[in-house]
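Visitor: Take this structure first; my questions come after.
Bear in mind that the values in this text are calculations on the coordinates, not laboratory data. On a predicted model such as this, the values are computed, not experimentally measured, just so you know. Reconstructed Cβ throughout: ideal geometry from the backbone, glycine too, with neighbour counts over all protein chains shown.
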Ligand code: GZL
């Protein structure tokens, strides 16, 4: 039987293809595949990176620690950081994003002071080809306007606070609530999460709820008004952060009651001041909200700039702390 040359060529070609096919690593669908662009785009290193960060302010121990973490990590990694502080004004923060766009940074990190009002400026960043990572606080924008959210589960922090409070007061309390910055993601979700659990405790009532804007001074002012209006009727305080709880402690003492004893107090953040107050018997529990996001942020930023896939939400890891552990743990705390 005469074998044509073309058949022979086809047969040999098929064998070669078959060999090459079985020597390739099988492509597992579960292995995240780098974005095709990353193979064509030159891969940046930390030293090549220019990162913009629009911080909201310096309103609390938590925020100060968050800023230190971002700046120290940039220094350690050799990243060029363009850091702008909005001094707790949304207009300043929007302006900061616009400045970073003009400077053509590789990527922008932002902790939005409030959830709303970001769509226009985030769209400007997207149009300029600059990705945005939400750090700490979320924004209510279409998901295509930011790459990832790196931060806590504020709803769960509210639920944890209510569960601890229920234990402390044996399911019966008149609670006053010190709310964080109005319209901020942590304030909105800590408010909701706390009430989700409180539904199971009909004898735990929130008799008043006002914003202390996450600051110690406002927390003290608002607590003093609560005490003037309700006096000894108050048996518990739920503070959305430690700074407001420390202000409330001052107001309670000036009113002549014992914070942590006459009035049980639960707050959020687990900052140094909270540990000191627990050691002094003036605070009953603090739910951790981790501000040390620098390492995770820059790792995420480099992946994004290099076109690698990243999760839409990178949750931070947090615990709960009580007075009996405070002395042992305080020396280990970084904020
Ligand atoms: C929470 C953070 C909050 C802290 C406050 O992630 O945004 O802002 O709980 C801080 O202390 O002011």
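Visitor: Rounded to whole Å, give me the distance from the Cα center of segment 151-192 to that of segment 201-219.
Guide: Their Cα centres are 9 Å away from one another.
Visitor: Taking the mean number of other Cβ atoms within 10 Å as a proxy for protection, how do you rank 96-109, 67-80, 235-248 from highest to lowest?
Guide: Peptide ranking by packing, descending: 235-248, 96-109, 67-80.
Visitor: May I ask you to compute the full-extension gain from residue 82 to residue 143, defined as 0.36 nm times their residue separation minus their alpha-carbon distance, rounded to one decimal in nm?
Guide: Length difference between fully extended and current span is 19.5 nm.
Visitor: Within segment 149-193, list the residues whose amide N lies under 12 Å from a label point set 7 Å along Cα→Cβ of residue 90.
Guide: 182-185
Visitor: Want the number for residue 68 to residue 47: 0.36 nm per residue separation, take away the alpha-carbon distance, what's left?
Guide: 5.6 nm
Visitor: Looking at the P(r) of the chain, how many percent of alpha-carbon pairs lie beyond 29 Å? Write down the numbers at each step before the final one.
Guide: Values: 26396 of 55945 pairs.
Cα-Cα pairs in the chain separated by more than 29 Å: 47 percent.
Visitor: Which percent, nearest 5, of DSSP beta bridges in the chain are antiparallel?
Guide: Antiparallel bridges make up about 5 percent of those DSSP assigns within the chain.
Visitor: Can you compute the modelled spin-label distance between residue 258 and residue 196, with each label point 7 Å from Cα toward Cβ, in nm?
Guide: Modelled inter-label distance: 3.6 nm.
Visitor: Continuing with the same structure: If you take the square roots of the eigenvalues of the alpha-carbon gyration tensor of segment 154-289 and sort them as a ≥ b ≥ c, do you get rounded (a/c under 1.5), prolate (a/b over b/c) or oblate? Let's see the in-between values first.
Guide: On the way: a/c = 1.27, a/b = 1.12, b/c = 1.14.
Cα axes put segment 154-289 in the rounded bin.
Visitor: If you fit an axis through the alpha-carbon atoms of helix 90-102 and take the longest principal axis of the Cα set of the chain, what angle between them do you get, 0 to 90°, nearest 10?
Guide: Roughly 20 degrees, rounded to the nearest 10.
Visitor: Find how many whole Å separate the alpha carbon centroid of segment 38-82 from the alpha carbon centroid of segment 279-335.
Guide: 17 Å
Visitor: Ok, one more. Using the eigenvalues of the Cα gyration tensor, what equivalent ellipsoid semi-axes result for segment 235-335 when each is taken as the square root of five times the eigenvalue, whole Å, largest first?
Guide: Working: eigenvalues 242, 36, 20 Å².
After scaling each eigenvalue by five and taking roots: 35, 13, 10 Å.
Visitor: Follow-up. Compute the long axis of helix 242-255 from its Cα atoms, compare it with the longest principal axis of the Cα atoms of the chain, and write down the angle in degrees, 0 to 90, nearest 10.
Guide: Between the helix axis and the principal axis of the chain, the angle is about 0 degrees.
Visitor: Let me ask something else about it. How tilted is helix 216-230 with respect to the longest principal axis of the chain? Cα atoms for both, answer in degrees (0 to 90, nearest 10).
Guide: 40 degrees
Visitor: Something else now. Take the Cβ-Cβ distance between residue 98 and residue 324 as r, set R0 to 51 Å, and report the resulting FRET efficiency rounded to the nearest 0.05.
Guide: Here the calculated transfer efficiency is 0.55.
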